[in-house]
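Below you'll find the structure, written out as structure tokens, and then a few comments.
The values are calculated or read from the model by the stated rules, or taken from the named source; none is laboratory data. Computed from a predicted model, the values in this text were never measured in an experiment. All Cβ positions, glycine included, derive from the backbone under ideal geometry; neighbour counts span all protein chains shown.
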Amino acid sequence: MNTPDNKTKRYSTFAVIFYINKSKRKKNGLCPVMGRISVNAETAQFSARIDVDSALWDAKTYRMKGKSREANQVNRELDRLTESIEKYHAELLQQQGYVTAELVKNMLWGIGRKKDTLLSLFVEHNEEYAQKVGVNRTEETYSHYVVVYNHVRQFLQTRHHMKDIALKQLTHSFIEQFDFYLRTEKRHSANTIGGYTILLKKIIRRAINQGTLLRDPFADYRPEQPPQKCRHMTADELERLMATRIASKSLCHTRDMFVFATFTGISYADLCNLSISDISKSSNGTMWIHFKRQKTGSECHVRLLDIPKQIIEKYKPERKGDRIFNMVGYSSTAANLKKVAKLCGIARNITFHMARHNFGTLITLPQGVPLETVSRMMGHLGIKTTQLYAKLTNQKVNEDMKLLSGNLADKFKIYEDKQMPVEVRNVKSSKQLKK
């Protein structure tokens, strides 16, 4: 076969043949079928992963003889391989302007071949992500990707009667329909749908990065935003939680762990893993915590303030092994926090994750600590996440200023010269004054 080479503007030779390797005859007497791809003077051999009886092989047609069931199955598979090789040869020539026998062979077996369907790319992503679990990724996030993959697969099957969909077929309508499917069929909340569609869009970003897609078909999609709940405590609530005397040892321990997290920004999972080796003393005498977040693998560097240092010393006699604190299970911690809130006269539900938000919104940013510093201490992967805490702080400032405006409404008046006509009070330009 002669095909035009776009790079050299000359014709290149291309051929595919199959043969049997008698020297590799197996114990059952069958010989493996081999393939040979030829592009110009270069060849690349590969196994067709088929074994046949050498007596039934036709070396002239590169196929099995006869019309038996076995011969038909083998010949159909060889035809399929030939079609695939010809397709990949044409794709490489069109995309790169040149082609080699080795490149075609690699494409045939998936080496260097880009996934061009949504589910196949999703599977590839999840397989790679699974290998990172325990290194710099968590099992929890991996399980979320698996859930989203299953939802997309079921959505394609039930709503579109498809096993997969080409990436280039994806449109804005697809994710809108998927959103509707999650909302009505799966009965997921707006928060859950938002999280799932974020993961789906990351798969699309992968397709763009590998060059399969030139633009994001979901770029204009905006998931429905649920009413924003206050994710941090008020200063008054925090003061009451810290000042209230608690007789129960277990409840006091939970309160202290919450306060420690509030003044360090450490999550519950990272607090459970916090060890003696994570704490160090600098040359100027300050104490620091250095660790990697379990959720993202990002590094956190937090200087210990007096309150968390006091808590560490308080529980030092109870320490077992290398762990700084003897943490109880999350469900027990959550139940204890509800009891603590009630004892402290706090009406709303308090979750342990609020402590992390307290660190950003109450402890650091309002006291003038720069965003970049807070981001480093909290281990955020990007400054945008930290900016959400700043936004909450600005909202509080806005609310307080509204209250102040109302309180000052009738207390102060600007001086006005009642004898001066209003129109005269307007400042005139120098040209007008000269006139």
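Structure summary
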quantity	calculated
Residue count for the range 261-318, restricted to those that are over 27 Å from the mean Cα position of the chain (by Cα) and of a type in the set (Asp, Glu)	3
Ala130 in a helix (DSSP H, G or I), within 29 Å of Arg63 (Cα to Cα) and among the small types (Gly, Ala, Ser)	no
Residue list for the range 174-215, restricted to those being in a helix (DSSP H, G or I), of a type outside the set (Gly, Ala, Ser) and over 17 Å from the mean Cα position of the chain (by Cα)	Phe174, Ile175, Glu176, Gln177, Phe178, Asp179, Phe180, Tyr181, Leu182, Arg183, Thr184
Subset of the range 329-345 that is more than 12 Å from Ser250 (Cα to Cα) and of a type in the set (D, E, K, R) - its residue that is surrounded by the most Cβ atoms within 10 Å (Cβ to Cβ)	Lys338
Residue that is nearest to the chain's Cα centre (by Cα), among those in the range 41-64 that are surrounded by 14 or more Cβ atoms within 10 Å (Cβ to Cβ) and assigned to a loop (DSSP other than H, G, I, E, B)	Tyr62
Matching entry among Cys344, Cys300 (being touching an Asp or Glu at 6+ places or on another chain (Cβ under 9 Å), outside the structural domain of Thr141 (by TED's automatic domain parsing), closer than 23 Å to Gly134 by Cβ and touching a residue at least 24 places away in the same chain (Cβ under 8 Å))	Cys300
Criterion violated by Pro317 - all others in (1) touching a His at 6+ places or on another chain (Cβ under 9 Å); (2) farther than 22 Å from Ala243 by Cβ satisfied	(1)
Some residue of the range 76-87 being more than 16 Å from Ile204 (Cβ to Cβ) and not assigned by TED's automatic domain parsing to the domain that holds Met34	no
Close pairs from the range 131-144: first closer than 24 Å to Thr192 by Cα and touching a residue at least 12 places away in the same chain (Cβ under 8 Å), partner assigned to a loop (DSSP other than H, G, I, E, B) and charged (D, E, K, R), Cβ under 6 Å, at least 6 apart	Thr138/Lys295
Number of the exception - Glu139 against (1) modelled with pLDDT under 95; (2) surrounded by 14 or more Cβ atoms within 10 Å (Cβ to Cβ)	(2)
Yes/no for Lys229 being under 22 Å from Thr138 (Cα atoms) and either in contact with a helix residue (DSSP H, G or I) (Cβ under 7 Å, 6 or more places away or on another chain) or modelled with pLDDT under 90 (or both)	no
Test: residue in the range 125-134 that is of a type in the set (A, V, I, L, M), modelled with pLDDT of 90 or more and not assigned by TED's automatic domain parsing to the domain that holds Gln45	yes
Matching strands (runs of 3 or more DSSP E) fully within the range 216-316 where at least 1 residues are touching a Ser or Thr at 6+ places or on another chain (Cβ under 8 Å) and either acidic (Asp, Glu) or on the phi < 0 side of the Ramachandran plot (or both)	287-292, 299-303
Positions within the range 320-360 being modelled with pLDDT of 90 or more, of a type in the set (A, V, I, L, M) and part of a helix (DSSP H, G or I), in sequence order	Ala334, Ala335, Leu337, Val340, Ala341, Leu343
In the range 120-129, residue surrounded by the most Cβ atoms within 10 Å (Cβ to Cβ) [restricted to those that are in contact with a Phe, Trp or Tyr (Cβ under 6 Å, 6 or more places away or on another chain) and of a type outside the set (Ser, Thr, Tyr)]	Phe122
Residues of the range 145-191 satisfying the condition of being closer than 30 Å to Arg293 by Cα and buried (at least 16 other Cβ atoms within 10 Å of the Cβ)	Tyr145, Val148, Tyr149, His151, Val152, His188
Those residues of the range 193-242 which are surrounded by fewer than 16 Cβ atoms within 10 Å (Cβ to Cβ), among the β-branched types (Val, Ile, Thr) and under 29 Å from Leu119 (Cβ atoms), in sequence order	Ile198, Ile208
Which listed residue is of a type outside the set (Phe, Trp, Tyr) and either touching a Gly at 6+ places or on another chain (Cβ under 9 Å) or not assigned by TED's automatic domain parsing to the domain that holds Asp322 (or both), from His290, His232, His253	His232
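Results for (1) more than 30 Å from Arg137 (Cβ to Cβ); (2) of a type in the set (Phe, Trp, Tyr); (3) surrounded by 11 or more Cβ atoms within 10 Å (Cβ to Cβ), shown as yes or no for each residue.
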{"position": "Lys295", "(1), (2), (3)": "no, no, yes"}
{"position": "Arg303", "(1), (2), (3)": "no, no, yes"}
{"position": "Pro308", "(1), (2), (3)": "no, no, yes"}
{"position": "Pro317", "(1), (2), (3)": "yes, no, no"}
{"position": "Lys320", "(1), (2), (3)": "no, no, no"}
